[in-house]
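As structure tokens, the structure follows; a few thoughts come after it.
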Amino acid sequence: MNSSEHNKSFFHEIANLATEQRNPASMEIDAKSVREVLEIINSEDKKVPLAVEHEIPYIEEAVNHIVKAFKNGGRLLYFGAGTSGRLGVVDASECPPTYGTPPEMVQGFIAGGKEAMFKAQEGAEDKESSGAADVVAAGVTSKDVVCGIAASRRTPYVVGAIKKAKELGAVTLYITCTPRESFNIEGVDVAMCPYVGPEVVMGSTRMKSGTAQKLVLNMLTTTSMIRLGKVYENMMIDLQMTNKKLVERAKRVVMTITGLSYEESTSYLNAADWHVKTALVMIKAGVTKEEAGRRLQLSDGFVRNAIEMTV
């Protein structure tokens, strides 16, 4: 195939993608008032949660893989380009301050490297070999879960990362905003395909597609962390005291759950070496720091089980 034929083939491939179609609801958006434009965008955005809802069985399957990997010392690694890559990096970077996880436990990789987070690196996503190289550099093993993120499904960087991860024995996930029936990426264990339809502005996948991907990422990590015992009731309890805000949040968590005063909660946190889980078990079960630690170890870190333990 010569260069002209190759370009024409690529043109038709892109033109046929679900993410590159025109939206009938916004055909005359350039002639609308500000209020009308906003209403069109909002109306289309309402479709996103419903699209994600249809994918819950697959998201559930993905979470089970992630939790299993975490319990076996594995990691969750995201690979994406452009908006998709940035969303993965953001989700990964928010896990340590939110859930007290080590930075290496959930990581995000974007085509073009760190510079691409702030400025588009043109062409960085066009080679499968680049994605494969980043997977190798990350030291991916059979313990890990590798999740590709690509609104259009076809991004070469992401496809290359998934193929290499599969070769290395990792569990592979894929988040895309194209219809499930058109998904044809080999080596994917679980595909999550929230199809949100054409964007308000054709091809602007930072909009509905980006929102759908963000919702799925929220569900993957939040549910996984809950299943690891990092939430009690509906509160974060594995906080890292890395700044004043998180120190005060820890006090508020203890106060809210136990009903103790600011001073009492601070005292218990001091006695528990500022480990929120330990402080909660000490207070709710009426035990020493040592006993609280023993219970948490036996309950695999689940505070509710540690409190209710009878031995």
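The values are calculated or read from the model by the stated rules, or taken from the named source; none is laboratory data. A quick note: this is a predicted structure, and the numbers were derived from the prediction, not measured. When we count neighbours, we look across all protein chains shown, and the Cβ atoms used for this are built from the backbone with ideal geometry, even at glycine.
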Which one is modelled with the highest pLDDT, of the residues in the stretch 180-194 that are more than 17 Å from THR155 (Cβ to Cβ) and either out of contact with any Asp or Glu (no Cβ under 8 Å at 6 or more places or on another chain) or polar (S, T, N, Q) (or both)?
ASP189
Scan of the stretch 135-155 for residues that are among the aliphatic types (A, V, I, L, M) and farther than 21 Å from ASN218 by Cβ, ordered by number
VAL135, VAL136, ALA137, ALA138, VAL140
Looking at the stretch 96-105, can you tell me whether even one residue there is hydrophobic (A, V, I, L, M, F, W, C), touching a Leu at 6+ places or on another chain (Cβ under 8 Å) and not in a loop (DSSP other than H, G, I, E, B)?
no
Can you say whether GLY187 is small (Gly, Ala, Ser) and at positive phi, as far as the supplied structure shows?
yes
The stretch 1-88: helices (runs of 4 or more DSSP H) wholly inside it with 1 or more residues that are among the polar types (S, T, N, Q), at pLDDT 95 or above and outside the structural domain of LEU173 (by TED's automatic domain parsing) are 34-45
Evaluate the following for ALA62: is it within 30 Å of ARG227 (Cα to Cα), touching a Lys or Arg at 6+ places or on another chain (Cβ under 8 Å) and either without any contact (Cβ under 8 Å) to a residue 24 or more places away in the chain or of a type in the set (A, V, I, L, M) (or both)?
no
Residue that is farthest from the chain's Cα centre (by Cα) [pool: residues in the stretch 106-151 that are assigned to a helix (DSSP H, G or I) and among the acidic types (Asp, Glu)]:
GLU128
Please specify each residue of the stretch 150-177 satisfying the condition of being touching a residue at least 40 places away in the same chain (Cβ under 8 Å), within 22 Å of PRO198 (Cα to Cα) and crowded, with 23+ Cβ neighbours inside 10 Å.
ALA150, ALA151, ARG153, THR155, VAL158, ILE175, CYS177
